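For reference, the structure is listed below as structure tokens.
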Amino acid sequence: MEVMMKHNWTLDELIDSWTLLPNELELIGGSKADRNRLAFALLLKYFQIEGKFPRHRREIPQTAVDYVARQLKLSPEVYQRYEWGGRIIARHRVAIRSFLGFREGTVADGEAILTWLQDHVLPQTQQIEALVTAAYGRYRFLKIEPPTAGRVERLARSALRRYTEQFCEAIAGKLSIPNKSRLDALLERETT
């Protein structure tokens, strides 16, 4: 259920979201190879927009690649030569997180997000899509890079399961013993 970035951007939207600011241009610097400068800039802007890094090169819209390349006075084609795996992208991600004040998420962060979903979101909605969106928003608010989309969805589903179990236990705890016996008798009739 990974939510993908939109791919059709108006010029105004590109200007608002993908324009490199002076401090970002300084961070990007001129010492990197062209492909690395362009990719770094795209990763930076994508993270600012989405609160996470893209998992694949194709997640970054071509219109954004073209727009950012023009700002850096580079050919957009150099982006295709960027190594999507390995040490360079790992270093870029570290530098971007540091620049933006984010950190990598931990298992403990995931558990805290799960508890937060149970306490603050699930009383209003039990829709998985809404839970996933809320989880991403919480990670962003806390300035934590979220885990993979699959992991975020599993967190949402776990929160829903725990919430449902706790809700049922709370209701069952409020029933009198005679009412529980009557319900058990109804269930026994259903199974025979």
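The values are calculated or read from the model by the stated rules, or taken from the named source; none is laboratory data. All values reported here derive from a predicted model rather than from experimental measurement. Methodologically, a virtual Cβ is constructed for each residue, glycine included, from the backbone with ideal geometry; neighbour enumeration extends over all protein chains shown. Ligands, DNA and RNA are stripped out before the accessible areas are found, and what is left, the full protein with its side chains, is counted by its heavy atoms. Shrake-Rupley method; radii C 1.70, N 1.55, O 1.52, S 1.80 Å.
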Contour minus end-to-end for Val94 and Lys73, with contour as 0.36 nm per residue of separation and end-to-end as the Cα-Cα distance? 5.1 nm
Excluding ligands and nucleic acids, what accessible area in Å² is computed for Ser75 using a 1.4 Å probe, to the nearest 10? 50 Å²
Of the listed pairs Lys32/Lys73; Lys32/Lys143; Lys73/Lys143, those with alpha carbons more than 24 Å apart are Lys32/Lys143; Lys73/Lys143
Accessible area (Å², per residue) of the chain, counting only protein heavy atoms and a probe of 1.4 Å: 59 Å²
With labels modelled as points extended 7 Å from the Cα through the Cβ direction, what inter-label distance (nm, one decimal) is found for Thr10 paired with Gln80? 3.1 nm
Which whole-Hz ³J(HN,Hα) couplings does the stretch 104-118 yield from phi under the Karplus relation 6.51 cos²θ - 1.76 cosθ + 1.60, θ = phi - 60°, glycine and proline marked x? 6, x, 10, 4, 4, 4, x, 5, 5, 5, 4, 5, 4, 4, 4
Asn23 versus Ser158: modelled label distance in nm, points set 7 Å from Cα along the beta carbon direction: 3.5 nm
For the chain, the accessible surface attributable to carbon and sulfur atoms (probe 1.4 angstrom, ligands and nucleic acids excluded) amounts in percent to 55 percent
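Give, to the nearest whole percent, the P(r) tail of the stretch 1-150 beyond 28 angstrom, counting all Cα pairs.
24 percent
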